[in-house]
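Just below is one structure, and these are the notes that go with it.
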Amino acid sequence: MIDLKSLLKEDIRTVFAEDPAARSTMEVVLCYPGLHALWLHRIAHIMWEHGYLFLARLLSHFNRFMTGIEIHPGAQIGRRFFIDHGMGVVIGETTDIGDDVLLYQGVVLGGTSLKKGKRHPTIEDNVVIGTGAKILGPINIGEGSKIGAGSVVIKSVPPDSTVVGVPGRTVEEHKKHAKATIDLEHGKLPDPVLQTINALKDEIKGLSNKLEQSEEDKKNPSQVDFTQTIDSLKGEIKQLKVYIKQAQEDKKGQTEQEVEFSQTTNSLKDEIKGLKEHIEKIENDKKEVTGQEVAPSQEVNSLQDEIKDLNYRIEQLEKEKKRGTERNPDFPSDY
């Protein structure tokens, strides 16, 4: 159990440790309302513990009048506790505060129930509570946590966490303090709203990149597909031209069957010419592809249908030639 003199010295050292504005012991003893409020509360709490409830409340009321800080005499406060500035701070009756806790002005440690019993928060060691923060109800603020300025905390907070917002949300969990020190950087807190906006911006950027890539993929791979399809069609047309040339070379005599073959091959020539025009159109469209889908895919399908039709006609031509050969043995048989 620490003696009174050592306790007073420790409280003064805490002010120097936590407030860089402190310059002399005389200044700290006479000009720091947070220190005055703590000392008067220690006396009032002793009265409260010994059953002098009215006198304890009266001293607490005087404390509030002198310092602007209201601490119920029933509140339990640990060592090296410091209230910076302090105006408007309220600490309720069943509040429990650990060691090395720092509060700024306007902090409320309040209750949320009309029932007797525990109804105020428990603040563990090495906690920093920023300006204007409200911690309400019989909840627990874990060791080493930071409560951002203006936050309203209504749920328990795990150790070594940072809480901001209304209602308070845990936005960061940091490493456990290596030693019992207080981080005064309570202004450097995450902004969950800004983080959400930035995350949405990143997602939109990613979707935009995917869309651009999709447009590029639609252009380039489709062009490759057009080229492959065109090359394939050209190969089939080349085969048709071989068939037609062979059919023309096979013509001998002037029978009806031969005339019919000649007309058929001429018709095929015309259709092949049309196919070549289609292919040229596809190649031109391919060069002019922008962000919009163009007609080449439909043209390719049309060409493929026409190729099928030509193949069917060639089959019919071969059948007719075969029948003609059977009627005219002089007709070439190597077609």
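List of remarks:
- Summary of the geometry: the range 2-22 and the range 114-157, compared by the centres of their Cα atoms, lie 24 Å apart.
- The mean sequence distance of close C-alpha pairs (under 8 Å, at least 6 residues apart), as a share of the length of the range 77-123, puts its relative contact order at 41 percent.
- In this structure residue 8 has an accessible area near 60 Å², from a 1.4 Å probe over the protein heavy atoms.
- Applying the Karplus relation 6.51 cos²θ - 1.76 cosθ + 1.60 with θ = phi - 60° to the range 140-156 yields 3J(HN,Hα) values of 10, 9, x, 4, x, 7, 10, 10, x, 4, x, 6, 10, 9, 10, 10, 4 Hz, where x marks Gly and Pro.
- Karplus 3J(HN,Hα) series, Hz, for the range 93-98 with 6.51 cos²θ - 1.76 cosθ + 1.60 (x for Gly, Pro): 4, 9, 6, 10, 10, x
- If R0 is 30 Å, the Cβ-Cβ spacing of residue 65 and residue 8 corresponds to a FRET efficiency of close to 0.85.
- Net charge of Cβ neighbours under 9 Å - reference residue 101; Lys, Arg +1; Asp, Glu -1: -3
- Using a probe of 1.4 Å on the protein chains alone, the accessible area found for residue 40 is around 40 Å².
- Area of residue 42 that stays accessible when all protein chains are in place (1.4 Å probe, Å², to 10): 50 Å²
- Full-extension gain in nm, residue 154 to residue 39, via 0.36 nm per residue minus C-alpha separation: 38.5 nm
The values are calculated or read from the model by the stated rules, or taken from the named source; none is laboratory data. Model, not experiment: these values are computed from the prediction. As a convention, Cβ positions derive from the backbone with ideal geometry for all residues, glycine included, and neighbour counts pool all protein chains shown. These area figures cover heavy atoms from the full protein model, side chains too; ligands, DNA and RNA do not enter into them. Shrake-Rupley method; radii C 1.70, N 1.55, O 1.52, S 1.80 Å.
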